[in-house]
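A short worksheet on the structure shown next.
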Amino acid sequence: MPAKATEYDYEASSYDKSRFESSLGRHLDRMQKRIVASLLSSTGGVLLDLGVGTGRFALWLEGEGFEVVGADISRRMLLEAKTKAVNASKSIHLVLADVHFLPFREGIFDGCTCVNMANHIVGIDRFLEEVKHAMKISGSLVVNFPNLRSLYLPIAIIVNLRKRALFKGGIRSRWFTPTEIGVLMSKAGFSIQDVRGCALATSLPLGDKLAKFVQMMNFSIEDSRLKLFSGNLFVKATIKACES
């Protein structure tokens with residue numbers, strides 16, 4: 001089993017609690033879902049949720065009217081997602097898969113979401129090629145990246161030098177500049193249609209006392225000129241016409 005799968009398996013049972021049960025974590029969860037909802041092209045169709053993890057986004061998306069297929073490399077994360085789906089009487093399809101070798105035929109998904117995962121992928125070009133293959137020409141990809149040009153710069157520099165997540169040494173990680181994101185998406189055959197900013201990159205470094213301040217900051221910069229300096233950049237992209 002790859003080291004990254006083992007790392008995710010290890011934290012599967014505590015993943016949600018450690019990240020999204022504090023006041024700040026709950027705000028981050030709401031904010032990310034608000035941004036993704038604003039970027040999705042529709043409220044229906046078959047949606048691929050890559051890096052589905054414990055099903056945080058997949059279960060919410062099912063409630064928004066999508067038929068959701070969730071893929072992840074971690075068996076235990078998928079088991080957590082399945083348990084949550086059963087307990088919530090939700091219907092989602094879960095697949096054990098590596099994002100470099102997605103087991104789906106061409107053009108079957110109306111869209112794809114990938115939250116908090118792209119920066120951990122080695123060979124992100126191959127990942128984007130796989131997404132493009134599985135997605136309809138008319139579909140949209142919503143994916144986020146931690147932003148190097150943000151208040152997290154000191155942390156981002158350390159992460160990029162180590163090529164590893166700051167608190168999870170076994171997981172590969174990288175922060176991107178807005179220009180790098182644009183070049184990356186274009187080379188893969190995608191055209192960026194919209195960008196939204198989320199001031200908070202992660203709930204871990206900050207305490208609950210800052211939750212209200214961060215919430216006000218998030219709402220003020222989400223779609224303003226300051227979004228390019230936020231901790232996280234959410235991108236909506238479509239397949240270039242010439243790629244069809």
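The values are calculated or read from the model by the stated rules, or taken from the named source; none is laboratory data. The shown structure was predicted, so the numbers you read here are calculated from the model rather than taken from an experiment. Reconstructed Cβ throughout: ideal geometry from the backbone, glycine too, with neighbour counts over all protein chains shown.
Select from region 139-184 the residues that are touching a strand residue (DSSP E or B) at 6+ places or on another chain (Cβ under 8 Å) and surrounded by fewer than 14 Cβ atoms within 10 Å (Cβ to Cβ) and write down the one among them that is farthest from residue 122 (Cα to Cα). It comes out as 170.
Restricting attention to region 120-132, the residues that are touching a Lys or Arg at 6+ places or on another chain (Cβ under 9 Å) and surrounded by fewer than 22 Cβ atoms within 10 Å (Cβ to Cβ) add up to 5. The test for being surrounded by fewer than 17 Cβ atoms within 10 Å (Cβ to Cβ), of a type in the set (Ser, Thr, Tyr) and in contact with a strand residue (DSSP E or B) (Cβ under 6 Å, 6 or more places away or on another chain) does not hold for residue 13.
Note on region 131-221: enclosed helices (runs of 4 or more DSSP H) holding 3 or more residues that are at pLDDT 90 or above and over 22 Å from residue 113 (Cβ atoms) are 153-162. Within region 111-130, if we keep just the residues that are small (Gly, Ala, Ser) and outside any helix (DSSP H, G or I), the residue that is farthest from the chain's Cα centre (by Cα) turns out to be 123.
One line per residue, one yes/no per condition, for (1) touching a Lys or Arg at 6+ places or on another chain (Cβ under 6 Å); (2) surrounded by fewer than 17 Cβ atoms within 10 Å (Cβ to Cβ); (3) at pLDDT below 95:
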residue: 44; (1), (2), (3): no, yes, yes
residue: 50; (1), (2), (3): no, no, no
residue: 65; (1), (2), (3): no, yes, yes
residue: 70; (1), (2), (3): no, no, no
residue: 86; (1), (2), (3): no, yes, no
